[in-house]
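To start, the structure under review is shown below, and the notes come after it.
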């Protein structure tokens, strides 16, 4: 599918689109304020990354804000969802507030959050946490409560305790969906951080981009926007990698690798165990 | 949020009984009372937690005495509805075109992934620089925010048509138009609705953010002004208004979903098929 020929074709299409865009802009058919020429964007990238070199700091700050917001909001969502899944009345009395928080456009809270937490990093982290709470909460809760009833029956018939059912059945069963929630959340946290930066801020990619576009340096503004896409992809793949590591049973090769490793550990372990038990602690019955 | 989500949230407890409603109210009232007492005694900062009674008074002041919310609210809702309609129509339309033309679809994929990863609202400053500070730039931003979810979902729904069903349609010599109308569209309908719901949910946020960045009227401006002078009670009134609107929008989209995708719900399916059967029978009767 992704052989060299297909990559070449993609590249050809890309170059073709860029060239027509450039030509149309040079002819004046495209408003260069709305869509700057590709060459201008290229110049913007060079300027931001190699000449000024200020973008790295802004990049790191926004990354930190989004990630911290995700950790707080996602952690809270996870904790409340687990509590709600384990206890019916907890869920009954907590979920209305979660729903209210969900239907409120979280970004509407931006000025309030900034008034609360000031102009520094903490307000961006707080807004990120607010907007990324719900996807984790709802995905975890649904996943934990939607356990396969046959498997549940089997666990019960084998006399599994409530804790065992939770740890060995509900948690592994729910992990794929929980991670899907994380993936939504982390990009939402980025949106929250960036929007808070737009509103009031002294550093971060959002601030940088707003400055550039209000100075009508649109090439650099688009370059900053592309860096934001990069940031989004980076955060997304961070979760994707974790997903791949932890939920290993969803993909064939990973599943086999882990299975082989566990098997090796298993065949190595009982032998040593047998040795120690037979030599050190002979049982009376044997 | 779908019905299943809601069931999960509420728990498998069946319909809420009167006693549970009472408990809910009691919890809410005691929370609010604790809040009020806490602020009045000075344990809670009034800047963080404006008095609940102040918020209530704020509703009266903003909506009745001053009546200044209405024009801002109207403007924001206008931006949201125009932007949503135009953006989602564009998204669905473009997705249908792309979905029907195979090579276009193949070469679109990388671009769709990149635009997916970009926080859409982030384009705000660029659009405002291009369209100015008036309401047109807000409509443009809402359009952009509402474009992607319907576009991606429609494309997905159309591409993932069941091969067996497609074979059957072909073997019965269905025309391209028939395949499109009777197979692809109904098949993609639940996903399209999902996209529209996502778009609608983000439309309000998009308009507000656009107003935060630069505007002279709208709910975002109003919230910004009130928090700017630290009149938190009035800011809370505005946010709670938006909460109510968000709730209304959610319910509205759910109703539309149930109406359009009637086969997703068992009872609705039966009702519709019964109605169709009786209409059919009546027509047959008329013919004989």
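A few notes on this one:
- For the stretch B:44-183, radius of gyration divided by Kirkwood radius, i.e. Rg to Rh on alpha-carbons: 1.20
- Note that the stretch A:1-101 shows a convex hull volume over its alpha carbon atoms of 224 Å³ per residue.
- Distance from the alpha carbon centroid of the stretch B:162-228 to that of the stretch B:255-288 works out to 26 angstrom.
- When each of B:28, A:80 is scored by the number of other beta-carbon atoms lying within 10 Å, the sequence from fewest to most is B:28, A:80.
- Using a simple spin-label model with pseudo-atoms 7 Å out from Cα toward Cβ, residue A:171 and residue A:20 lie 5.4 nm apart.
- Radius ratio Rg over Rh of the stretch A:199-269, counting only Cα atoms, Kirkwood formula for Rh: 1.39
- Each principal axis of the stretch B:55-120 carries a Cα extent, and these read 61, 22, 13 Å when sorted largest first.
- Spin-label model distance (nm) - residue B:48 vs residue A:240, 7 Å beyond Cα toward Cβ: 3.9
- Three semi-axes describe the equivalent ellipsoid of the stretch A:42-158; taken as square roots of 5 times the Cα gyration tensor eigenvalues and ordered largest first, they are 39, 19, 11 Å.
- Note on A:158, A:71: ascending count of other Cβ atoms within 10 Å places them as A:158, A:71, the fewest first.
- Using the Cβ-Cβ distance between residue B:89 and residue A:100 with R0 set to 35 Å, the FRET efficiency works out to roughly 0.70.
- Difference of contour (0.36 nm per residue) and Cα-Cα distance, residue A:262 to residue A:53: 70.5 nm
- Separation of alpha-carbon centers, the stretch B:27-83 and the stretch A:195-224, rounded to whole Å: 32
- Convex hull volume per residue in cubic angstrom - Cα atoms of the stretch A:53-248: 122
- Value of relative contact order over chain B, rounded to a whole percent, pairs C-alpha under 8 Å and six or more apart: 21
- Ellipsoid semi-axes for the stretch B:17-59, based on the Cα gyration tensor and the rule √(5λ), read 24, 12, 6 Å when sorted largest first.
- Förster-model FRET efficiency, 30 Å R0, residue A:153 and residue B:266, C-beta, rounded to 0.05: 0.80
- Each listed q (0.23 Å⁻¹) maps to a log10 I(q)/I(0) for the stretch B:106-145, found by the Debye formula over equal Cα scatterers with no solvent: -0.72.
- Cα-based shape type of the stretch B:121-278, given that a ≥ b ≥ c are square roots of the gyration tensor eigenvalues and the cut on a/c is 1.5: oblate
- Calculated log₁₀ intensity ratio I(q)/I(0) where the Debye formula runs over C-alpha points of the protein assembly as shown, q = 0.06, 0.07 Å⁻¹: -0.39, -0.52
- Prolate/oblate/rounded label for chain B (Cα gyration tensor, a/c 1.5): oblate
Readers should treat all values here as calculations from the given coordinates under stated rules, not as data from a laboratory. From a predicted model like this one, the values you see are computed outputs, not experimental measurements. So basically every Cβ, Gly included, is an ideal-geometry build from the backbone, and we count neighbours across all protein chains shown.
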